[in-house]
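The values are calculated or read from the model by the stated rules, or taken from the named source; none is laboratory data. None of these values were measured; they are calculated from a predicted model. Cβ coordinates were reconstructed from backbone atoms using ideal geometry, including for glycine residues, and neighbour counts include every protein chain displayed. SASA here: full protein model, heavy atoms, side chains in, ligands and nucleic acids out. Shrake-Rupley method; radii C 1.70, N 1.55, O 1.52, S 1.80 Å.
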Amino acid sequence: MLFHATRFRNKHDNKPMPESASWEHFCHRFKERSVREEKDGPLFSPAKYADSLEGFRVEGTIKHPKEADRAIGQVWINNYGEKIVTDMQNNIVRKNENVRLISMAVFDFDKGESPQAIHEKFKDFNHIVYSTHSSTKDAAKFRLVLPFKDALTAAQFKDAWPFGLENMDPSCKDPSRMFYTPSCPKDHLAEAFTWIVQEKKFYAPKIPEKKKAKEKKRRGDYNTLDAITWFSVHGALLGPAGQEHKHFVICPWALNHTDGKMGDTDTVLWTEPKKWPTFNCSHAHCAKKGIKEVMKFWGDADEYCAEEMTPDKMKTDTEIRCLGFDDSGRYYYQCNKTNHIVPLKAGEHKELNFYSITADMMYWTKNFGDPDNGQIKWKVAAAKMMSDCHKRGFFRPDAVRGGGVWEDAGRVVAHLGRKLLVDGVPTPLTEFKSSFIYEAMVHDVDLPEPLSDADMRKVYDLVFRFPLANQKDAVYLAGAAVCGLLSGILSWRPHIWLTGDQASGKSSILTYFLNPLWAPAGGVMAEGKTSDAGIRQKLRRNAYPFIGDESEADTRADAERMEGIVSLARSSSSVSEGRVLKGTISGHGQEFLVRSVFALCSITHALEKPQDRQRFTILPCRMTEEKVRAWPDFKKELRATITPAFALGFYARILELVDVIMDNAMVFQRAIIDKLNCDARVGEHLGHLMAGACILQSPFILSPEMATKFLEQMGQLPVVDKSESNVPQTALNMLFSFIVQDGMDRRSVGEHIEMVGNVMPGFETADASAKILKRYGMMVREGFLYVSSNHPLLSKLFKETGITGHYGLLSLLEGAEAVPTVRFGMHISRAVKIPLVKEK
């Protein structure tokens with residue numbers, strides 16, 4: 001049984017923050033008391049407020065009491081006369097008009113009433129009695145919280161007041177009143193008290209019966225109109241027309257027909273069950289007259305309806321959220337039934353397109369139906385919906401989230417397709433309040449019970465039986481299996497690349513281990529000629545892991561394709577780099593938020609750039625004869641173990657331990673940085689892999705000592721080449737390695753520099769090398785290398801390696817100086833002067 005309450009940050013807060021909790025959870029919160037000198041602090045209201053403006057329209061504004069020209073709020077009304085009060089930004093505020101249900105009564109006692117007496121009076125009911133901030137030893141002031149068996153409406157709450165009590169503060173009768181949670185000054189802490197009863201029954205207040213007001217007769221439900229009798233009474237029924245539900249009738253305006261006929265077959269009536277009757281007269285005089293006009297002409301159709309049109313008949317739980325608009329003229333809508341997002345251009349706001357949002361006719365009738373004939377006013381609907389989108393503002397594509405695991409205002413949200421798992425609690429998509437939009441996905445799963453610790457260790461044991469080069473590679477693979485399922489929430493996504501000769505087992509690891517573990521949670525696997533564009537469009541806004549098998553770069557086209565995939569994986573590594581923007585022929589760019597752990601495999605990896613090697617862990621595979629013999633049985637064991645049900649249980653267990661994994665990643669990161677003396681990026685990359693692997697063995701947060709011991713057990717960790725993270729030094733190293741050709745002579749730039757500068761013993765100064773260096777915008781003089789800022793040939797060499805802006809990078813080297821003007825043959829430009837270190 002859940003109780004609805006609303007939180008407020010302080011007495012000036014006017015924006016309700018709803019929450020629902022069991023009585024036990026509610027009591028648990030009241031066991032803690034805030035110690036502060038000021039009275040103001042967190043408050044709660046035992047009421048559930050209106051939470052949506054769907055179906056409401058603006059009726060008027062609320063003026064400032066002292067400034068008549070200044071509007072401070074708006075009053076909204078729906079077809080049933082219900083009202084909601086908002087501020088000018090359409091935020092629902094704390095007002096009596098907005099209270100929908102009250103789940104408990106709260107009373108303040110400030111006039112000498114005994115708290116013990118009140119506690120005793122309600123000893124048979126669940127309740128809370130606690131001292132307020134103003135309570136002292138000499139004058140006890142306290143509050144009673146009395147939960148109801150069933151929630152009351154605001155009107156019922158007022159009718160049942162004061163629930164048989166006396167001497168309480170009468171202002172507590174206000175439905176929207178809010179109350180401070182337990183607090184007291186420091187010097188009154190000893191006198192403060194909180195008494196809680198939570199294992200009794202709930203209080204059921206008696207609501208006085210009211211005299212029923214005389215009900216106003218409503219119009220008839222024309223779906224139940226007995227049109228045959230109605231036309232017969234008016235003497236206008238001629239008889240059957242030979243078809244089911246079709247009848248010949250006399251037109252009420254027959255005397256106005258030009259031929260004066262009254263009893264012909266030119267006027268018909270259709271009467272299908274549970275539908276409005278249809279009237280049609282073929283005479284030109286009645287071209288625009290239908291059943292609605294007949295009802296107005298005779299005026300008594302309500303009397304021949306079997307049922308009345310009551311509000312109950314127009315009830316619908318369908319809601320449409322107006323999400324905003326974009327600069328391309330599209331408006332965006334989401335229905336709570338399917339939770340898919342539908343974009344419509346202005347000219348597409350028509351009846352059939354509206355059905356793509358929802359085909360619930362009762363929704364359209366309730367909100368946009370004509371009260372006279374029930375016909376839906378589609379133009380009014382279009383204007384209202386587009387207006388609501390304008391009020392919402394620009395639609396943010398980056399606010400839409402698909403499947404996977406996400407962080408949302410401190411909450412862990414697992415998007416399972418048609419529902420959410422919020423901090424472990426199943427939550428319908430429509431009931432989760434967030435600044436993000438969670439769109440329903442085709443991939444929909446139901447999570448079973450999480451795996452046991454023994455089953456988790458079974459996964460850890462399996463990785464050590466794969467044909468990996470060494471033990472630590474197996475640990476990295478285990479960590480990647482866990483990290484892939486948490487792609488959307490990781491601050492750093494570590495990628496892996498399996499390498500090895502043909503039949504080395506690398507593809508089998510993906511096919512029989514990673515893919516079965518990831519697929520039930522939405523993992524995507526592709527082979528062969530997959531491109532980065534195809535991956536982006538497949539992943540869309542989903543935080544799913546990606547597997548790329550056979551990621552070879554045999555040809556130039558394949559190398560370019562793999563470069564695009566590696567670039568996509570690079571952008572996916574960190575939260576800040578995850579957004580990819582692509583242009584379209586329409587002139588409106590597309591935005592992709594890639595948050596995926598990548599697992600690739602090929603004979604050799606295609607990681608040429610240092611920034612890419614820092615994002616991937618290379619896992620070499622070597623198939624031994626022993627593993628070849630054991631492979632058939634091992635494959636059967638893998639298939640029998642990692643079933644779809646097992647994988648979903650694995651996913652459920654990872655979600656259950658996500659906080660532990662994130663904490664352990666930080667612990668491992670610090671331990672790795674200390675052990676390897678590396679930068680934070682390397683520590684973050686390996687730290688996440690270690691945390692993922694460790695959770696398969698122990699579901700607890702590790703101490704720094706335990707993390708260090710775990711690392712020591714792995715043996716030698718990868719040696720970190722700090723030069724790879726030093727981009728200016730990397731640019732200089734590449735410059736030295738460039739091959740330049742002069743006739744048949746092929747030497748590197750570094751070799752020419754050594755010859756010109758006589759850096760290496762045994763070499764004499766070579767004029768030819770000096771000329772070649774000048775030809776490429778370089779010069780050696782007095783122990784320094786001068787490099788042109790914009791020499792075309794030099795810029796071309798750097799561009800082929802993916803480095804742009806070489807002048808700025810080289811200027812960052814230790815000891816480098818900028819020189820305004822240097823002549824390189826006929827080329828004159830700025831240059832950077834770099835000291836050369838001679839070998840001794």
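Before moving on, here are some points about what is shown:
- When the range 374-415 is filtered for residues that are over 18 Å from the mean Cα position of the chain (by Cα), open to solvent by 50 Å² or more (accessible area, probe 1.4 Å) and either under 26 Å from residue 521 (Cα atoms) or among the polar types (S, T, N, Q) (or both), only 375 remains.
- The number of residues in the range 612-644 being in a helix (DSSP H, G or I) and open to solvent by 30 Å² or more (accessible area, probe 1.4 Å) comes to 16.
- Counting only strands (runs of 3 or more DSSP E) that sit completely within the range 16-72, those holding 1 or more residues that are open to solvent by 80 Å² or more (accessible area, probe 1.4 Å) and not aliphatic (A, V, I, L, M) correspond to 17-22, 57-63.
- Qualifying residue in the range 736-754 (condition: part of a helix (DSSP H, G or I), aliphatic (A, V, I, L, M) and either modelled with pLDDT under 85 or over 30 Å from residue 612 (Cα atoms) (or both)): no
- Residue in the range 669-680 that is out of contact with any Pro (no Cβ under 7 Å at 6 or more places or on another chain), open to solvent by 30 Å² or more (accessible area, probe 1.4 Å) and closer than 28 Å to residue 549 by Cα present: no
- Of the criteria (1) β-branched (Val, Ile, Thr); (2) outside any strand (DSSP E or B); (3) farther than 28 Å from residue 324 by Cα, which one residue 496 fails: (2)
- Counting only residues that are of a type in the set (Ser, Thr, Tyr) and either modelled with pLDDT under 85 or over 16 Å from residue 95 (Cα atoms) (or both), the range 1-25 holds 2 of them.
- Top-ranked residue in the range 418-431 [being under 12 Å from the mean Cα position of the chain (by Cα) and farther than 16 Å from residue 335 by Cβ; ranked as most open to solvent (accessible area, probe 1.4 Å)]: 421
- Some residue of the range 655-662 being of a type in the set (D, E, K, R) and either touching a helix residue (DSSP H, G or I) at 6+ places or on another chain (Cβ under 9 Å) or not in a helix (DSSP H, G or I) (or both): no
- Residue in the range 287-297 that is modelled with pLDDT under 85, part of a loop (DSSP other than H, G, I, E, B) and surrounded by 13 or more Cβ atoms within 10 Å (Cβ to Cβ) present: no
- The lone criterion from (1) open to solvent by less than 50 Å² (accessible area, probe 1.4 Å); (2) at pLDDT 90 or above; (3) among the acidic types (Asp, Glu) left unmet by residue 264 is number (2).
- Selected residue [in a loop (DSSP other than H, G, I, E, B) and open to solvent by 10 Å² or more (accessible area, probe 1.4 Å)] from 533, 519, 526, 503: 503
- Conditions (1) open to solvent by 30 Å² or more (accessible area, probe 1.4 Å); (2) touching a residue at least 12 places away in the same chain (Cβ under 8 Å); (3) in a helix (DSSP H, G or I): number failed by residue 647: (1)
- Look at (1) open to solvent by less than 60 Å² (accessible area, probe 1.4 Å); (2) basic (Lys, Arg); (3) not in a strand (DSSP E or B) and you find that residue 143 fails only one, number (3).
- Exclusive hit being open to solvent by 10 Å² or more (accessible area, probe 1.4 Å), in contact with a strand residue (DSSP E or B) (Cβ under 8 Å, 6 or more places away or on another chain), in contact (Cβ under 8 Å) with a residue 60 or more places away in the chain and closer than 25 Å to residue 639 by Cβ, set 512, 476, 544: 544
- Filter result (of a type in the set (Asp, Glu) and either touching a residue at least 60 places away in the same chain (Cβ under 8 Å) or surrounded by 15 or more Cβ atoms within 10 Å (Cβ to Cβ) (or both)) within the range 447-463: 449, 453, 455
- Which listed residue is in contact with a helix residue (DSSP H, G or I) (Cβ under 8 Å, 6 or more places away or on another chain), among the small types (Gly, Ala, Ser), open to solvent by less than 50 Å² (accessible area, probe 1.4 Å) and at negative phi, from 829, 795: 795
- Any chance residue 338 is within 25 Å of residue 89 (Cβ to Cβ), open to solvent by 50 Å² or more (accessible area, probe 1.4 Å) and either among the basic types (Lys, Arg) or in contact (Cβ under 8 Å) with a residue 24 or more places away in the chain (or both): no
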